[in-house]
Amino acid sequence: MAVRQASGVTVPVASRRIIGIACGAVIVAQMATTIYLPGMPALGAEIGASEGTLQLSVALFVVFAALPVVAWGRAAERFGRVPAFTAAGLCFVLASAGLALITNAPELLTLRVIQAIGAGGIAVVGRVMVKDLFSGAELARQLALLSMAFVVALGGGQVLGGILTSTLGWRAGFAVLAALAVAPIGLALRLRLPRPEPAPTGSARRLFGDRIFLAAAVAGGLGFAVIVVIQQRSAFVFADGFDLPPWVFGLFGVLYGAAYLGGATYVRRRVSGVGARAMMRQGAWIMLAGCVLITAVWTFEPPRAIALPIFLAGYVTTTFGQATLFPNSAAHAVSHLAAGGALAVSWCALIQQGLAGLASLTGPALTGLLAWSIAISVLAAVNVVVVTALSPTKG
């Protein structure tokens, strides 16, 4: 049995099951950040962690989600997609359950690192399984579907986190994460996939000599970096800058989710005609426009009644731009590579998440909101330069 997509491509039911597993992986991996954000101030107060430590917990998550992705890719090549996905998922579940029981900052940081290793694993192996099925513009369309799953995590996770923090407390968020991650693991264990062919030797050297791969991966990484640096500070901007409670901050996640859904839908409808490279350029410019709006708030310091809508407009615009940029950057980076799909996807993920992690490490050092907003605008401007430098070939 197969299902025909709007693009005219017939997708077998087994392939739809794999896409569902990959979407589930995206949801739980990203919710490890979004469900956590509204509870950060309360968590810090209870376990005695400073704002800098809490921001570091976000940065460490991004960094350690990135660092082992190539190892996860090699595991997927050597042992198969399902064993690698299952191992990463169990790592994530155990760490998330442990985070619900922490009592001090060292436990928080240690378990966030372990949680990140698992999150990076399920996210990248899920993308590898999708890359096994599709290429070109259709790969970008399917990765945009993963972006729609990201919407659930971005908006729904933040809303859920705000509600849980305000009712049951911040610990409930980690318990919910552990429970949610069981579903994609269980579905993966029911798959029967053929063992992949071994990747050719020297894959990394060839990848880094491939201008299309490198530039597209860097573009996706810079866009991801902008979003991570905004998320890293957002809970404190709303709590301290706008004096809003966690549940209101959580409800704003609906706006970001709608923006990401809009961007992902735009990609799925238009990428076949426009091309991934052109849509990358559009996304980069939209992100820069959003960051400029955010910077304007702290440059001109208008009254709160004006500043809050402008800040939200900038955040929403930046999110829409990232939703347009990211799936196209990932697809454009790897779809022209015929062999070594798992390693190509994992190296792409390492570059993208690694750049975001490096940027997030600067977050605690950016003590002023003006300096913080200028930093994200500079990142967005650099990204415009990167995507403009890509080959003008459509694809």
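What follows is calculated from the coordinates using simple rules that are stated; it is not laboratory data. In this text the structure is predicted, and so the values were computed from the model without any measurement. Glycine gets a Cβ as well: all are built from the backbone with ideal geometry, and neighbour counts include every protein chain shown.
For a test of the definition: using alpha carbon positions, the gyration tensor, and the 1.5 limit on a/c, classify segment 181-310 as rounded, prolate or oblate.
It is prolate, given that a/c is not under 1.5 and a/b is the larger ratio.
State, as an integer percentage, the relative contact order of the chain based on alpha-carbon contacts under 8 Å between residues 6 or more apart.
Relative contact order here is 27 percent.
GNM on the chain, C-alpha springs below 10 Å: top fluctuator among Leu43, Leu177, Leu244?
Leu244
Among Glu46, Glu51, rank each residue by its count of other Cβ atoms within 10 Å, from fewest to most, as a rough exposure measure.
Result, fewest neighbours first: Glu46, Glu51.
Going by the alpha-carbon gyration tensor, a ≥ b ≥ c the square roots of its eigenvalues, is segment 12-389 rounded (a/c under 1.5) or, if a/c is not under 1.5, prolate (a/b greater than b/c) versus oblate?
Judged from the Cα gyration tensor, segment 12-389 comes out oblate (a/c at least 1.5, b/c at or above a/b).
At a 10 angstrom cut-off on C-beta neighbours, averaged per residue, how do the peptides 229-237, 90-98 rank from highest to lowest?
The peptides rank, most packed first, as 229-237, 90-98.
For segment 66-216, what does the alpha-carbon gyration tensor say about shape, rounded, prolate or oblate, given a ≥ b ≥ c as the root eigenvalues, a/c under 1.5 as rounded, and a/b over b/c as prolate?
In terms of gyration-tensor shape, prolate.
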